[in-house]
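The values are calculated or read from the model by the stated rules, or taken from the named source; none is laboratory data. For clarity, every value in this text was computed on a predicted model and none was experimentally measured. Cβ coordinates were reconstructed from backbone atoms using ideal geometry, including for glycine residues, and neighbour counts include every protein chain displayed.
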Amino acid sequence: MTNNPHVFAGRLDQLPAQIRVAIVVSRYNDSITRRLLDGAVVALVEAGLPADRIDVVWVPGAFELPLVADRMAASGRYAAVLCLGAIVRGETSHDRHIASAVGNGIEAIARQRGLPVLFGVLTCDTLAQAFARAGGAVGNKGTECALAAIEMISLLDQLPPIQAQPLV
């Protein structure tokens, strides 16, 4: 008899029944973000999630993603929230400040709410790089974000539940 560790791993072929997924999408750079959204929706539907169980929310820009993602996560309706956007470097350092704030916000929501809140935000130097990552030569990061959501939903479904912390 061997002693093997118990391994937890998410799967791409195991979506729990009756879940909902929210996708929050930045309208800024929508020629790119629509492609990310299309890739995410196709991946979720191909994994067996009916399209009518996917809610899409459009926000003005990437900076607004965390606020709306938090609202969706706090509702308790969703197994995951995907955040899709495209931040492209301009002539100033504005893009770095936006990307940092958005990334930190999305990460904090995931930890606070205890569900997958995924960072599907492109941070590129040029529009050409963004298009390459939104269904072009480098793939579709919206698709990758959806696949990560599926894997994380499956993984969290296997893990022990969170225990309430005793009051001191």
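Here are some notes:
- In segment 133-155, the residue that is nearest to GLN14 (Cα to Cα) out of those that are out of contact with any strand residue (DSSP E or B) (no Cβ under 8 Å at 6 or more places or on another chain) and free of Cβ contacts under 8 Å to residues at least 60 places away in the same chain is GLY139.
- When residues in segment 77-100 are screened for being surrounded by fewer than 20 Cβ atoms within 10 Å (Cβ to Cβ) and either modelled with pLDDT of 95 or more or charged (D, E, K, R) (or both), 5 of them pass.
- Extreme residue, farthest from GLU151 (Cα to Cα), among residues of segment 25-41 that are touching a Phe, Trp or Tyr at 6+ places or on another chain (Cβ under 8 Å) and of a type in the set (A, V, I, L, M, F, W, C): ILE32
- Some residue of segment 109-132 being at pLDDT 95 or above, more than 25 Å from ARG11 (Cβ to Cβ) and among the hydrophobic types (A, V, I, L, M, F, W, C): yes
- Restricting attention to segment 1-58, the residues that are hydroxyl-bearing (Ser, Thr, Tyr) and farther than 20 Å from PRO116 by Cβ add up to 3.
- Checking every residue in segment 8-30 against the condition of being hydroxyl-bearing (Ser, Thr, Tyr), over 19 Å from ASP157 (Cα atoms) and touching a residue at least 60 places away in the same chain (Cβ under 8 Å) gives at least one match.
- Considering segment 11-34, and only residues there that are surrounded by fewer than 20 Cβ atoms within 10 Å (Cβ to Cβ) and of a type in the set (A, V, I, L, M, F, W, C), the residue that is modelled with the lowest pLDDT turns out to be ALA17.
- Whichever residue in segment 136-147 is surrounded by 20 or more Cβ atoms within 10 Å (Cβ to Cβ) and small (Gly, Ala, Ser) and, among such residues, is nearest to ARG34 (Cα to Cα): GLY142
- Verdict on PRO5 being within 23 Å of PRO160 (Cβ to Cβ) and either among the aromatic types (Phe, Trp, Tyr) or free of Cβ contacts under 8 Å to residues at least 24 places away in the same chain (or both): yes
- Selection within segment 24-58 - closer than 15 Å to VAL88 by Cα and not in a helix (DSSP H, G or I): SER26, ARG27, TYR28, ASN29
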